[in-house]
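Take a look at the structure set out below.
What follows is calculated from the coordinates using simple rules that are stated; it is not laboratory data. In this text, all values refer to a predicted model and were calculated from it rather than measured experimentally. Neighbour counts are summed over all protein chains in view; Cβ atoms, including those assigned to glycine, are modelled from backbone coordinates with ideal geometry.
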Amino acid sequence: MSTSESVKMLLAQTLQIGAHAEALTRESALLGALPELDSMAVVTLLTAMEEYFNITVEDDEINADTFATFGNLVDFVDAKLH
């Protein structure tokens, strides 16, 4: 499974948005566009990503740009993996 597909799966599960996650493209806005993605959901999603990808995300690595678009989030995870 690609990083993009894995992030979609985690978004679908964490935000409980189901098939809506399948429609996400790199340009899809996340923060501010998905009502389900509030501050608590961001924390839950980060925890899920840390566990799934076996990465550690420091507080100072996270900003609004990370969650601005689906592509930004995938790129962030890819950078953590490499």
What ³J(HN,Hα) values, in whole Hz, does the Karplus curve 6.51 cos²θ - 1.76 cosθ + 1.60 give for the range 25-31 when θ = phi - 60°, with x put for Gly and Pro? 10, 4, 8, 4, 6, 10, 5
As I understand it, the dipole of the chain uses +1 on the Cβ of Lys and Arg and -1 on the Cβ of Asp and Glu, about the Cα centre. Which of Phe67, Leu11, Ala41 lies farthest toward its positive end? Leu11
Can you list the HN-Hα couplings for the range 46-63, worked out from phi with the Karplus curve (6.51, -1.76, 1.60; θ = phi - 60°), rounded to whole Hz and with x for Gly and Pro? 4, 4, 4, 5, 4, 5, 5, 8, 6, 10, 10, 10, 7, 3, 6, 8, 9, 8
Show me the ranking of peptides 18-27, 62-71 by mean Cβ neighbours inside 10 Å, starting with the highest. 62-71, 18-27
The ³J(HN,Hα) series, computed from each phi in the range 75-82 with the Karplus coefficients 6.51, -1.76 and 1.60 at θ = phi - 60°, rounded to the nearest Hz and given as x for glycine or proline, is 4, 4, 5, 4, 5, 5, 7, 10
Modelled label-to-label distance, Ser2 and Glu36, 7 Å Cα→beta-carbon offset: nm? 2.1 nm
Please tell me the relative contact order of the chain in percent, rounded to the nearest whole number, where contacts are Cα pairs under 8 Å and at least six residues apart. 37 percent
Ranking request for peptides 28-40, 4-16: highest mean number of other beta-carbon atoms within 10 Å first, then the rest in descending order. 4-16, 28-40
With +1 at each Lys and Arg Cβ and -1 at each Asp and Glu Cβ, the charge dipole magnitude of the range 3-81 around its Cα centre, to the nearest 20 debye, comes out at 280 debye
